[in-house]
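Undergrad: First the structure, then my questions, so here it is.
The values are calculated or read from the model by the stated rules, or taken from the named source; none is laboratory data. Keep in mind the model is a prediction, meaning the values are calculated, not measured. Cβ sites come from the backbone with ideal geometry, for glycine too, and all protein chains shown count toward neighbours. What goes into the accessible areas is simple: the full protein's heavy atoms, side chains included, and nothing from ligands, DNA or RNA. Shrake-Rupley method; radii C 1.70, N 1.55, O 1.52, S 1.80 Å.
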Amino acid sequence: MHTLQSLLLPRVDLCTTGNMYVRTKGGAFWSLEDRSVQFGRGSQASFDTYFNTFPVAKWREHTTVREASFELDVAGRFEVHTVFDHPHRARQVLASQVVEGTGSRVSLDPLLLGSLAGGQVFLRLRSLSDDGALRGMRVVTPDEPSQDVRLVIVMPTFRRHDYVRANLDRVLAHLDEAPGLAARVRVLIVDNGRDLQVDLPPGGPVEVVPNANLGGAGGYARGLLEARDAGWASHALFMDDDISFHPEVIDRTVALLDHATSPELCVSGAMLREEQPQLQHEAGAGWAPFAVHPWQPIGKDLDLSKAKNLPQNDVDQQIDYSGWWHFAFPLSLTADNLLPVFLRGDDVLFSLRHVRPHAITVNGIGVWHQDFEYKNGPAFFYYEARNIALVNALAIDGYEAKHLRKRFLALTLRALLSMKYDSAEATIRGTRDFLRGPEWWATLDHEAVNTAARDHQGERLGELPEHFRRMPFWQPRRAPFQQVSILASLLSLGGHLLPPSRTRKPPAAVSLQTRPITTGLDRDEIVYRYPPTGEGFVVRRDRDRFFDLLREAARTAVEITRTYDDVRERYRAAYPQMVSDGNWRRLLGLPEPRARQTEEALVEG
């Protein structure tokens, strides 16, 4: 029998939101100490949860598995219902069995996946004993794998030592308990900071490789080159360094790939919010290149602790973009490397060009990630302006100067009207750097550019004075007064055309990522605050800087109109060289692999 997934329960070091794992009733409870579910007579537990439903539709549609069954490690006597949950139908009990165990493994009747179109399957248990316990639950299949998966996990890091050490500890402990998996998984930590100190067992599955700091793109590119050169792995799993996850998601990913119908199947893990662990940021995303904000997260803000949300969350949708907090793919998918963009955009272009038809998400394969809002600031807006222009130029036929100009002006003007002058300046600088073309990119000192991008100290989260932390959030006026305020703000350029005597209202607080173009109409200070931590920053009106940046934005818009078509064609011509092995080895200071050096010597001889 081959295991497809195993029981997950809350952990203090990851997540203690119980309804993500099990729903208890009548006195049943989950134990953090021994990771079990404890029962009294008549108490119940239901596993219609994000981490413990069996996503039968995904296994039916994307794998060769045709039969599966649940195995339970139980002590006591239980009535067990096998329940089918479909997004558009009432729940259906497929089977009811009474099982009894003394801590031994009990098998339930098999499920024939061909008879279950769509939806997911879960178990409900009711204890018939005074004392009962569930210590394990697996879904297994007799069907043989369709391919032999050997997985290398690539995790670039730049001084996220606490995250990396915690993840390594969990993964190594898990592999110790699963020797079959340990023989098929290796971990490559690409240390862009060149200062990570970890205690690793000799001869173990983890390797730490010091690397030049070329950002996340450079870290993933180094990992991809290492994996191809070594020739051991069939698949790579890209994972960010600032995540937390159950090691079981690796097992589930390998199991899916093992049984994949298509050898090109890619598994895109969901991103869950670290600060609110039951909320999903996205499970894959669409890409709307002509929109101001092209990212279109699928399942954004969905509460995964609610059973009613789970069947719909597992319906197949078109995924244009797979984030690299958890992204598994076959190394044979493409010979292309990544764009040398340092941060932001490398995963988007790779997805658009190579992944889009092959990616799936699955309930139960998700990781917790720091909220992007917490990271956003002028440095990231610089990379977003520069790199997303490049992505659309390379991947989207029909993306023209008017589309880039519209997005550039929308982002820049919204920042200016919100008194975010550093953000506006970063967007201008990023766009102008894109317009320099591939010749400039070829000679780029990425670390120096990153240092310059981070030079701005404003508009970054930090401690706020107590009176700003306590300040209630500003609320916009109701219609039609809000429409009048918007018009007044546009006509007065966010109050910048008004005399100082008309902008003396006290400061107002707004949530971090809002673009409050009416808030600053009659005040000179805005407090931007991040609700989960209370951190934030204060911006103040600067009329001289506003008009300087407005003029620079106008000049940049003219340059887009004049040069974009030529720049786009030059980038397209340069793309093969930008993503080539040779270019990345030059950037990373790496020699050619030994086999290639030997081959070249033989040719020369």
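Undergrad: So for the range 391-446, what are the equivalent ellipsoid semi-axes in whole Å, largest first, each being the square root of 5 times an eigenvalue of the Cα gyration tensor? All intermediate terms of the calculation are to be shown ahead of the outcome.
TA: Numbers: eigenvalues 100, 59, 10 Å².
Calculated on Cα positions only, the semi-axes equal 22, 17, 7 Å.
Undergrad: Taking θ = phi - 60°, what integer Hz values does the Karplus form 6.51 cos²θ - 1.76 cosθ + 1.60 yield along the range 49-63, in sequence order, with x for Gly and Pro?
TA: Rounded to whole hertz, the list is 10, 4, 8, 10, 6, 9, x, 4, 4, 5, 5, 5, 7, 10, 9.
Undergrad: Assuming R0 = 30 Å, what is the FRET efficiency of Leu94 and Gln317, from their Cβ-Cβ distance, to the nearest 0.05? Write down the numbers at each step before the final one.
TA: Numbers: r = 26 Å, r/R0 = 0.87.
It comes to 0.70.
Undergrad: Something else about it: So which trypsin sites (Lys or Arg not before Pro) in the range 167-235 are both in a DSSP loop and have at most 13 other Cβ atoms within 10 Å of their Cβ? Write out the running numbers ahead of the final one.
TA: Details: sites: Arg170, Arg184, Arg186, Arg194, Arg222, Arg228; in loops: Arg184, Arg194.
Passing sites in the range 167-235 are Arg194.
Undergrad: Restricting things to alpha carbons, tell me how big the chain is in terms of Rg and Dmax, in Å.
TA: So, for the chain, Rg and Dmax equal 26.7, 82 Å respectively.
Undergrad: Per residue, how much accessible area does the range 135-277 have with a 1.4 Å probe, in Å²? Could the numbers behind the result be given before it?
TA: Values: 5070 Å² over 143 residues.
That works out to 35 Å² for each residue.
Undergrad: Report the one residue of Thr503, Pro378, Leu128 whose Cα lies farthest in the direction of the positive end of the charge dipole of the chain (charges on C-beta: Lys and Arg +1, Asp and Glu -1; origin at the Cα centre).
TA: It is Thr503.
Undergrad: Let me ask another. Tell me, what is the percent relative contact order of the range 380-509, built from C-alpha pairs under 8 Å that lie six or more residues apart?
TA: On the way: 72 pairs, mean separation 33.3, N = 130.
The value is 26 percent.
Undergrad: Enter the Cα centre distance for the pair the range 367-413 and the range 511-578, rounded to the nearest angstrom.
TA: 10 Å
Undergrad: Counting alpha carbon pairs within less than 8 Å and at least 6 residues apart, what relative contact order, in whole percent, applies to the chain? Could you put the intermediate results ahead of the total?
TA: Values: 1224 pairs, mean separation 72.5, N = 605.
Normalised by residue count, the contact order of the chain is 12 percent.
Undergrad: Show the residues, 5+ positions off or on another chain, whose built amide H is closer than 5 Å to the amide H of Val187.
TA: Excluding prolines and chain starts, which carry no amide H, the hits are Ile153, Val206, Glu207.
Undergrad: Using bins 5 angstrom wide from zero, how does P(r) for the range 345-450 break down, in % of all Cα pairs?
TA: Taking all Cα pairs of the range 345-450, the binned fractions are 2, 10, 16, 20, 19, 15, 10, 5, 1 percent.
Undergrad: Which residues in the range 276-290 have a backbone N closer than 16 Å to a point placed 7 Å from the Cα of Thr16 along the Cα-to-Cβ line?
TA: 276-278
Undergrad: When every alpha-carbon pair in the range 482-521 is counted, what percent end up more than 17 Å apart? Mind showing how you got there, number by number?
TA: On the way: 242 of 780 pairs.
For the range 482-521, the fraction of Cα-Cα distances above 17 Å is 31 percent.
Undergrad: What distance in nm lies between label points placed 7 Å from Cα along the C-beta direction at Thr533 and Glu177?
TA: The two pseudo-label positions are separated by 3.2 nm.
Undergrad: Expected output is a single nm value to one decimal: the length gained when fully extending between Asp542 and Asp455, i.e. 0.36 nm times separation in residues minus the C-alpha distance. What is it?
TA: Difference between extended and current length: 29.4 nm.
Undergrad: Okay, next question. How far apart, in nm, are the 7 Å Cα→Cβ label points at His2 and Ala117?
TA: Between His2 and Ala117, the label points sit 2.6 nm apart.
Undergrad: Hey, rough spin-label estimate for Leu497 and Leu331, points 7 angstrom out along Cα→Cβ, what's it come to in nanometres?
TA: If labels sit at Leu497 and Leu331, their model points lie 6.2 nm apart.
Undergrad: With a 1.4 Å probe and every protein chain left in place, work out the accessible area per residue of the range 407-561 in Å², rounded to a whole number. Before the final figure, lay out the partial values.
TA: On the way: 7700 Å² over 155 residues.
Here the residues of the range 407-561 average 50 Å² of exposed surface.
Undergrad: Same structure, new question: For the range 419-572, what is the per residue volume of the convex hull drawn over the alpha-carbon atoms, in cubic angstrom?
TA: Details: hull volume 24.2 nm³, N = 154.
Once divided by residue count, the hull of the range 419-572 is 157 Å³.
Undergrad: With Rg and the Kirkwood Rh both taken from Cα atoms, where does Rg over Rh land for the range 1-83? The partial results should precede the final answer.
TA: Details: Rg = 14.1 Å, Rh = 14.3 Å.
So for the range 1-83, dividing Rg by the Kirkwood Rh gives 0.98.
Undergrad: Next question, about the same structure. Starting from the range 1-86, pick out the GluC sites (Glu not before Pro) whose DSSP state is loop and whose Cβ has at most 14 other Cβ atoms within 10 Å. Let's see the in-between values first.
TA: Working: sites: Glu33, Glu61, Glu67, Glu71, Glu79; in loops: Glu33.
When the GluC sites (Glu not before Pro) of the range 1-86 are filtered for loop state and at most 14 Cβ neighbours within 10 Å, Glu33 remain.
Undergrad: A further question follows. Please report, in whole Å³, the volume per residue of the convex hull around the C-alpha atoms of the range 438-522. Intermediate values should be presented prior to the final figure.
TA: On the way: hull volume 14.8 nm³, N = 85.
Residue-normalised Cα hull volume stands at 174 Å³.
Undergrad: For the charge dipole of the chain, defined by +1 on Lys and Arg C-beta atoms and -1 on Asp and Glu C-beta atoms about the Cα centroid, which residue among Asn192, Ser418, Thr334 has the Cα displaced farthest towards the positive pole?
TA: My answer, from the dipole projection, is Ser418.
Undergrad: Below 8 Å between Cα atoms, with a sequence gap of 6+, how large is the relative contact order for the range 6-69 in percent? Walk me through the numbers on the way to the answer.
TA: On the way: 76 pairs, mean separation 19.5, N = 64.
Relative contact order for the range 6-69 comes out at 30 percent.
Undergrad: Could you please state how large a percent of the accessible area of the chain is carbon and sulfur, counting protein chains only and using a 1.4 Å probe? Don't jump to the answer; show the numbers that get you there.
TA: Details: 12610 of 25120 Å².
That share works out to 50 percent.
Undergrad: I would also like to ask the following. List the pair-distance distribution P(r) of the range 60-99, using every Cα-Cα distance, as the percent of pairs falling in each 5 Å bin from 0 up to the bin containing the longest distance, rounded to whole percents.
TA: 6, 16, 19, 21, 20, 11, 6, 1
Undergrad: Say the cut-off is 27 Å between C-alpha atoms; which of Lys25/Lys300; Lys58/Lys308; Lys375/Lys420; Lys25/Lys308 go over it? Can you show the working numbers first?
TA: Details: Lys25/Lys300 29 Å; Lys58/Lys308 18 Å; Lys375/Lys420 16 Å; Lys25/Lys308 18 Å.
Result: Lys25/Lys300 exceed 27 Å.
Undergrad: Per DSSP helix of 4 or more residues, -39500 (n - 2.57); summed, then divided by the residues of the chain. What does that give at 222 nm, rounded to the nearest 500? List each step's numbers first, then the result.
TA: Working: 18 runs with 202 residues, N = 605.
Estimated from H runs of four or more residues: -10000 deg cm²/dmol.
Undergrad: Can you give the FRET efficiency to the nearest 0.05 for Glu592 and Asp566, using r as the Cβ-Cβ distance and R₀ = 25 Å? Kindly include the intermediate steps, with their values, before the conclusion.
TA: Values: r = 34 Å, r/R0 = 1.36.
It comes to 0.15.
Undergrad: Residue by residue, what Karplus-based ³J(HN,Hα) values in Hz, rounded to whole numbers, does the range 143-151 have, using 6.51, -1.76 and 1.60 with θ = phi - 60° and x for Gly and Pro?
TA: These are the phi-based 3J(HN,Hα) values: 6, 6, x, 8, 8, 9, 8, 10, 10 Hz.
Undergrad: Show me, for the range 416-428, the HN-Hα J-couplings you get by feeding each phi into the Karplus relation (A = 6.51, B = -1.76, C = 1.60, θ = phi - 60°), rounded to Hz, glycine and proline as x.
TA: 5, 5, 9, 6, 8, 5, 4, 5, 4, 4, 5, 5, 4
Undergrad: Please name whichever of Asn167, Ala401, Pro87 sits farthest to the positive end of the charge dipole of the chain, dipole taken about the Cα centre and charges placed at Cβ: Lys and Arg +1, Asp and Glu -1.
TA: Farthest towards the positive pole: Ala401.
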